[in-house]
Amino acid sequence: MVVNMEWGNFWSSHLPRTPYDLSLDDETQNRNDQGFEKMISGMYLGEIARLVLHRMAQESDVFGDAAVYTPFLAAIREDDSTDLSEVRRILQEHLKIPDAPLKTRRLIVKVCDIVTRRAARLAAAGIAGILKKLGRDGSGAAMSGGGGRGTRGQPRRTAVAIEGGLYQGYPVFREYLDEAMLEILGEEVARSVTLRVTEDGSGVGAALLAAVHSSNRQQQGAKSSFFLPPRLFRFSVEQELEQPVPEGEA
């Protein structure tokens, strides 16, 4: 079974939508659409950070009269120099903000960090929700035909295939995603979930997984499931990962 999880348009009243999310949505051509994607996708994170900083500029003189437009969220957040020299360079060369004091640069890094952490934690919650549907979140609830434990009572392994530059090129995002997965699932279940980078499109991936599934059914009579969330994340509960996690494996 192959299921394309078009979660970009997922919406729930429990999602922490802020005035900045509403402002971003108003600016887009697909207003009131793809709400979840606009909160977690690399296409939008820089704009969310810009909206926060722009409001701060309007309410104080921390940035003078400049509006902060930043597609450089990852580079700003990952500047670990003592004087935040990379942040200063980005502000001067790309955002035309000269001589921003260190206190201001630290504030900008903090905003970028908050936006990044929120996106990663929301993405982790989405992954955990699908694992719960599969019965692989440790809760014991499984959908029909599923099962979260192997023959020896240990968690079955699940592979999550992830595509997109945000996960591949932004180590801090990956760190926060892993951190949230561990917090939500607990250590035992989290170590049974493997996050993998993939560069093929979701359509190609779905076709390949369907072919593997068909072959497995013909050869072994096996029953397997594949979950393919769009673009940023794609699930694949892969046949070769169906064995339980060995004891003591990190």
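The values are calculated or read from the model by the stated rules, or taken from the named source; none is laboratory data. Owing to the predicted nature of the structure, the values given are computational and were not obtained by experimental measurement. We place every Cβ from the backbone using ideal geometry, glycine too, and count neighbours over all the protein chains shown.
Quick look at the values:
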quantity	calculated
Residue count for region 25-44, restricted to those that are in contact with an Asp or Glu (Cβ under 8 Å, 6 or more places away or on another chain), farther than 22 Å from Y170 by Cα and assigned to a helix (DSSP H, G or I)	1
Scan of region 173-187 for residues that are within 13 Å of G42 (Cα to Cα) and either free of Cβ contacts under 8 Å to residues at least 60 places away in the same chain or more than 10 Å from the chain's Cα centre (by Cα) (or both), ordered by number	R174
Test: residue in region 61-71 that is modelled with pLDDT under 85, β-branched (V, I, T), crowded, with 18+ Cβ neighbours inside 10 Å and more than 30 Å from L131 (Cα to Cα)	yes
Of all residues in region 145-187 being modelled with pLDDT under 75 and closer than 16 Å to G129 by Cα, the one that is surrounded by the fewest Cβ atoms within 10 Å (Cβ to Cβ)	G147
The one condition in (1) of a type outside the set (D, E); (2) assigned by TED's automatic domain parsing to the domain that holds T18; (3) at pLDDT 90 or above; (4) not in a loop (DSSP other than H, G, I, E, B) that A123 fails to fulfil	(2)
